[in-house]
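This report concerns only the one structure given below.
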Amino acid sequence: MTDTFPQLPQAHGVLVLDKPRGPSSARCLTTLKRMGQKKIGHAGTLDPMACGVLLVLLGHATKISNYLLEAGEKRYSGCLRLGRVTDTWDAEGRVLEEKSWEHISARDVLAGIHAWQGCSVQAVPPFSAAKHQGRPLYKLARAGTIIFSKEKNVEISHAELLEMQLPYVRFRVVCSSGTYIRSLAHSLGMRLGCGAVLTELTREYSHPFGLDAACSLDALRAEPERLFERVLPVTRALPHWPLIELSTEETARTRNGAFLPHDAQRMAAVPFQPGTHALLQDPDKNPLALAEARFVDGVPVWSVLRGLWH
């Protein structure tokens, strides 16, 4: 039986969702759409088997997705199993090969996890949402076409071993946005020569929010009328962006696409450096636009990157 929800007005801001294991990220967003949230997006999906922080963007917050992803350091804890290879590189895929792992030492595993650290080129899993010639890899894979050559640059700033009860290994990593943790498990299996698949994954942090700020999908279903108190303002999602409050006249000019001259006296608290970003607010402190510092004909101005008005 399908749940029936009240049709709430469109919310504007970021909902930090504690995604449960099982449903896809898209299915979680569908629940919110059925509450009246038609303008909706995200700042990085999670696979169905994964749980944890999913940043849901509502209303004008959908326009900040790229800026969240650019600065989007993420932290994961997970578990992998040695001795198995699947077509998806996780435990939910079709088993392609079983291999012996008994000869692998704890020292080998620890060295392999530490080897994740740094900047590297990562193989993209053949079953993923990444695209090849405009088509998602998972659709190509389901049709029998496996693309193994797609790669991407990632950065792993921290990798640690949490627990080892071979063939199972628990770990934690801090990484750049877009990193495939399945690929890390797969690469460890390749390094050790025994294969490995990801069996569990929790996203503990997605810049700038952790699980402590998240609410569960069950809580939203049980009390949909509390959605608005759980939605955080855009300013919370961009904590390092300075705020510039505009006058009524400046607000109107900004809405019309005009440059905002930098007032060194009134905006003294906001350092002007070409290329830096700021969040413009109207006189009522509503988010108005994302802006970038520039020189136009030698004059310092703030140029609108994305308007947030609706």
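The values are calculated or read from the model by the stated rules, or taken from the named source; none is laboratory data. This is a predicted model, so every value here is computed, not measured. In this analysis, Cβ positions are derived from the backbone assuming ideal geometry, glycine residues included, and neighbour counts consider all displayed protein chains.
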(message) Among (1) in contact (Cβ under 8 Å) with a residue 40 or more places away in the chain; (2) surrounded by 20 or more Cβ atoms within 10 Å (Cβ to Cβ), there is one condition residue 114 misses while meeting the rest; what is its number?
(response) (2)
(message) Give me the residue from region 7-49 that is touching a Ser or Thr at 6+ places or on another chain (Cβ under 7 Å) and of a type in the set (Gly, Ala, Ser) and, out of that set, farthest from residue 172 (Cα to Cα).
(response) 41
(request) Could you check region 180-281 for helices (runs of 4 or more DSSP H) lying wholly inside it with 3 or more residues that are free of Cβ contacts under 8 Å to residues at least 12 places away in the same chain and farther than 30 Å from residue 170 by Cα? (result) 248-255
(message) One residue is enough: does region 263-280 have a residue meeting the conditions at pLDDT below 95, farther than 30 Å from residue 81 by Cα and in contact with an Asp or Glu (Cβ under 6 Å, 6 or more places away or on another chain)?
(response) yes
(message) I'm checking my understanding of the structure. Among residues of region 48-78 that are more than 28 Å from residue 7 (Cα to Cα) and charged (D, E, K, R), which one is modelled with the lowest pLDDT?
(response) 70
(request) State whether the residues of region 279-286 include one that is over 13 Å from residue 234 (Cβ atoms), in contact with a strand residue (DSSP E or B) (Cβ under 8 Å, 6 or more places away or on another chain) and surrounded by fewer than 17 Cβ atoms within 10 Å (Cβ to Cβ). (result) yes
(request) Examine region 46-68 for a residue that is assigned by TED's automatic domain parsing to the domain that holds residue 218, without any contact (Cβ under 8 Å) to a residue 40 or more places away in the chain, of a type in the set (Val, Ile, Thr) and closer than 16 Å to residue 221 by Cα, and state whether such a residue exists. (result) no
(request) Filter region 171-201 for residues that are surrounded by fewer than 20 Cβ atoms within 10 Å (Cβ to Cβ) and not small (Gly, Ala, Ser) and give the result. (result) 172, 174, 190, 191, 199, 200
(message) Take residue 306 and tell me if it is part of a strand (DSSP E or B), in contact with a Lys or Arg (Cβ under 7 Å, 6 or more places away or on another chain) and touching a residue at least 12 places away in the same chain (Cβ under 8 Å).
(response) yes
(message) Quick test of your reading of the structure: residue 14 fulfils all but one of (1) touching a residue at least 40 places away in the same chain (Cβ under 8 Å); (2) touching a strand residue (DSSP E or B) at 6+ places or on another chain (Cβ under 9 Å); (3) not in a strand (DSSP E or B). Name the failing condition by number.
(response) (3)
(message) over 23 Å from residue 200 (Cβ atoms), modelled with pLDDT of 95 or more and not hydroxyl-bearing (Ser, Thr, Tyr): is that true of residue 83 in this structure?
(response) no
(request) Would you mind finding the one in 200, 151, 160 that is at pLDDT below 95 and not assigned by TED's automatic domain parsing to the domain that holds residue 24? (result) 151
